[in-house]
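Okay, structure first, notes after.
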Amino acid sequence: MYAAAINEVMGRERLTNTALGEKAELDPATISRIRNGSSNVTVTSLSKIAEALELELQINFVPKQVTAQSSATV
């Protein structure tokens, strides 16, 4: 999900991995791995990328959906 958003903005702004890496103070190879989903990304890296792309990083916890079956007692 985050990779698609990063790719969208980078495409719109015509940014390369090198250019974003410089702005976010991250290695371009790290940017590439994050963009193609082959790396476990840290919140710190996402925060740096968001700042470099002038985006707000939001991480949300939401309640789980409770189904009738999972809420039944045995």
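A short reminder: the numbers here are calculations on the coordinates, not readings from a lab. Being a predicted model, the structure only gives us computed values, none of them experimental. No Cβ is skipped: glycine too gets one built from the backbone with ideal geometry, and neighbour counts run over all protein chains shown.
For the chain, find the longest principal axis of its Cα atoms and tell me its angle to the long axis of helix 43-52, 0 to 90°, nearest 10. The answer is roughly 50 degrees. So for the chain, what percent of the C-alpha to C-alpha distances run longer than 15 Å? Here the tail beyond 15 Å accounts for 57 percent of pairs. With a Förster radius of 30 Å applied to the C-beta separation of T67 and M1, the computed FRET efficiency comes to 0.80. With contacts taken as Cα pairs under 8 Å and at least 6 residues apart, the chain reaches a relative contact order of 24 percent. Across the options L26, T67, A3, the greatest Cα extent toward the positive end of the charge dipole of the chain (unit charges at beta carbon of Lys, Arg, Asp, Glu) belongs to T67. Between helix 2-13 and the chain there is an angle of about 30 degrees, using the helix long axis and the longest principal axis of the Cα atoms. Computed about the Cα centre, the dipole magnitude for the chain is approximately 280 debye when only Lys and Arg (+1) and Asp and Glu (-1) carry charge, each at its Cβ. Estimated from helices alone, the mean residue ellipticity of the chain at 222 nm is -15500 deg cm²/dmol (sum of -39500 (n - 2.57) over DSSP H runs with n ≥ 4, per residue).
Scoring 20-30, 39-49 by mean Cβ neighbours within 10 Å over their residues and listing the highest first yields 20-30, 39-49.
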